[in-house]
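First comes the structure, then the notes that go with it.
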Amino acid sequence: MPQPQDKPELDPAAAYKRVMLKISGEALMGDQGFGLHPPTVQRIAREVKSVQEMGVEICMVIGGGNIFRGLSGSAQGMERTTADYMGMLATVMNALAMQSALEGMGVFTRVISAIRMDEVAEPYIRRRAVRHLEKKRVCIFAAGTGNPYFTTDTAATLRANEMACEAIFMGKNGVDGVYDKDPKEHPDAVRYDEISYDDVFAKRLKVMDASAIALARDNNLPLIVFPLDEPGGFRGILSGKGTYTKVQG
């Protein structure tokens, strides 16, 4: 467990005081085809720690697709609600792995689950979670919204609004923003520096699922899509540097 330490003061250069970091479960796989890659988890944890040291309050939501994806299970004949609950449990496993990595670096962390499992995580209580953030603890929200049929994108947007985050940071592997088409398949794809949520809908861009986009748009919550695999990228963008796409308006 990390030892008591002084709470970091907010760096004047930081663009935001409180943010939500959303990453996919696949981001934790590294070069593997399944599961967790500990060196990758450690690398992402170092990125989070570097931002936490700026005094920025950090929420996190991690997907579970590296272990189990509810839609995939449903497509293979599993009952959708059961498949979604299994996907929620996968996000708890990822959250615990990230907590372990962060606490190994001396960062106070809380895993907060939308499904009660008191032996491994705190239940979601909004006021308690806000207090953790005020004490500069990293809060990892697990088990999605606690309901089937909702993705972790929606969970991240919901928790970001409830926690009064100033922006959602969506870390992507191998992509440095939002493009008009898949840059991995189309070399002529054009990256947007800034785009509105309405244009994301109109152009059917695969940024987040529709319910998450609508929730962010309706609450004027900016979304910043940036390359998670770029060392120092998360901290750099908070300092006004780096390459990314900002979705707002």
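A few remarks follow.
- Contact map, segment 234-249: residues that are touching a residue at least 60 places away in the same chain (Cβ under 8 Å) and on the phi > 0 side of the Ramachandran plot paired with residues that are open to solvent by 10 Å² or more (accessible area, probe 1.4 Å) and small (Gly, Ala, Ser), Cβ distance under 7 Å, separation 6+ or inter-chain. Pairs shown: Gly240/Ala15.
- The lone exception for Met170 - which of (1) closer than 30 Å to Glu53 by Cα; (2) of a type in the set (A, V, I, L, M); (3) in a loop (DSSP other than H, G, I, E, B) it fails: (3)
- Residues of segment 21-68 that are closer than 12 Å to Leu228 by Cα and among the polar types (S, T, N, Q): Ser24, Thr40.
- If you go through segment 228-249 and pick out every residue that is under 21 Å from Glu26 (Cβ atoms) and out of contact with any strand residue (DSSP E or B) (no Cβ under 9 Å at 6 or more places or on another chain), you end up with 2.
- Scanning segment 107-151 for residues that are under 18 Å from Met86 (Cβ atoms) and open to solvent by 30 Å² or more (accessible area, probe 1.4 Å) gives Ala114, Ile115, Arg116, Met117, Val120, Asn147, Tyr149, Phe150, Thr151.
- Single unsatisfied condition, Phe234 versus (1) closer than 19 Å to Ile58 by Cα; (2) modelled with pLDDT under 95; (3) in a loop (DSSP other than H, G, I, E, B): (3)
- Checked against the criterion of being out of contact with any Lys or Arg (no Cβ under 9 Å at 6 or more places or on another chain), aliphatic (A, V, I, L, M) and either surrounded by 19 or more Cβ atoms within 10 Å (Cβ to Cβ) or not in a loop (DSSP other than H, G, I, E, B) (or both), segment 177-188 has no qualifying residue.
- Each residue in segment 109-156 was checked for being assigned to a strand (DSSP E or B) and of a type in the set (Lys, Arg), and 1 pass.
- Pairs with Cβ under 7 Å, 6+ apart, first in segment 26-38 and at pLDDT below 90, second in a helix (DSSP H, G or I): Gly30/Pro39; Gly30/Thr40
- Selection within segment 41-65: residues that are among the basic types (Lys, Arg) and more than 14 Å from Gly30 (Cβ to Cβ). The member of this set that is least open to solvent (accessible area, probe 1.4 Å) is Lys49.
- The listed residues are Gly242, Gly249, and the only one of them that is touching a helix residue (DSSP H, G or I) at 6+ places or on another chain (Cβ under 7 Å), in a loop (DSSP other than H, G, I, E, B) and open to solvent by 60 Å² or more (accessible area, probe 1.4 Å) turns out to be Gly249.
- Screening segment 68-83 for residues that are open to solvent by 20 Å² or more (accessible area, probe 1.4 Å) and part of a helix (DSSP H, G or I) and picking the one that is modelled with the lowest pLDDT gives Ser74.
The values are calculated or read from the model by the stated rules, or taken from the named source; none is laboratory data. What you see is a predicted model; the values in this text were computed from it and never measured. Glycine gets a Cβ as well: all are built from the backbone with ideal geometry, and neighbour counts include every protein chain shown. When the accessible area is computed, the model is the full protein with side chains, heavy atoms only, and any ligands, DNA or RNA have been set aside. Shrake-Rupley method; radii C 1.70, N 1.55, O 1.52, S 1.80 Å.
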